[in-house]
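The values are calculated or read from the model by the stated rules, or taken from the named source; none is laboratory data. A quick note: this is a predicted structure, and the numbers were derived from the prediction, not measured. Positions of Cβ are backbone-derived with ideal geometry, glycine not excepted, and every protein chain shown enters the neighbour counts. These area figures cover heavy atoms from the full protein model, side chains too; ligands, DNA and RNA do not enter into them. Shrake-Rupley method; radii C 1.70, N 1.55, O 1.52, S 1.80 Å.
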Amino acid sequence: MNPVKPCPECGQNNLFATTTNAGSGYGPMLLPKLGGFIVPATFEVVVCADCGLTRFFASSEARSKLATAKKWVRK
Ligand SMILES: [Zn+2]
């Protein structure tokens, strides 16, 4: 897991996390070409219960594909 504490906005540690798909058939694919053949890549979503700051972290599997995925350009 990424070092998510403390919250970079308010400095508190009242954080909650879940894992969710980075796309579906009804919306944009937010991590294109970084998932499996059928299953989309996933995010760990971290929400600060005090200030509401919400952060999305691409899974380690998705990040491992960035360097070779054609959709992604190094900046
Ligand atoms: Zn916060």
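Scanning the stretch 51-64 for residues that are closer than 16 Å to S24 by Cβ and open to solvent by 50 Å² or more (accessible area, probe 1.4 Å) returns a single hit, F56.
Of note, P28 does not satisfy the criterion of being within 16 Å of the ligand (Cβ to nearest atom) and either under 15 Å from the mean Cα position of the chain (by Cα) or on the phi < 0 side of the Ramachandran plot (or both). Taking the stretch 1-21 as the range and being away from the ligand (no atom under 16 Å from the Cβ) and either under 17 Å from K70 (Cβ atoms) or modelled with pLDDT under 90 (or both) as the test, only M1 passes.
Residue-by-condition table, conditions (1) modelled with pLDDT under 95; (2) farther than 18 Å from P3 by Cα; (3) surrounded by 17 or more Cβ atoms within 10 Å (Cβ to Cβ):
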{"position": "G27", "(1), (2), (3)": "yes, yes, no"}
{"position": "G36", "(1), (2), (3)": "yes, yes, no"}
{"position": "P40", "(1), (2), (3)": "yes, yes, yes"}
{"position": "A49", "(1), (2), (3)": "no, no, no"}
{"position": "L66", "(1), (2), (3)": "no, yes, no"}
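Go through the residues of the stretch 39-47 one by one and say whether even a single one is over 30 Å from C10 (Cα atoms), assigned to a loop (DSSP other than H, G, I, E, B) and free of Cβ contacts under 8 Å to residues at least 24 places away in the same chain. Checking the stretch 39-47: at least one residue is over 30 Å from C10 (Cα atoms), assigned to a loop (DSSP other than H, G, I, E, B) and free of Cβ contacts under 8 Å to residues at least 24 places away in the same chain.
Scanning the stretch 1-25 for residues being open to solvent by less than 40 Å² (accessible area, probe 1.4 Å) and in contact with a strand residue (DSSP E or B) (Cβ under 8 Å, 6 or more places away or on another chain) gives a total of 4.
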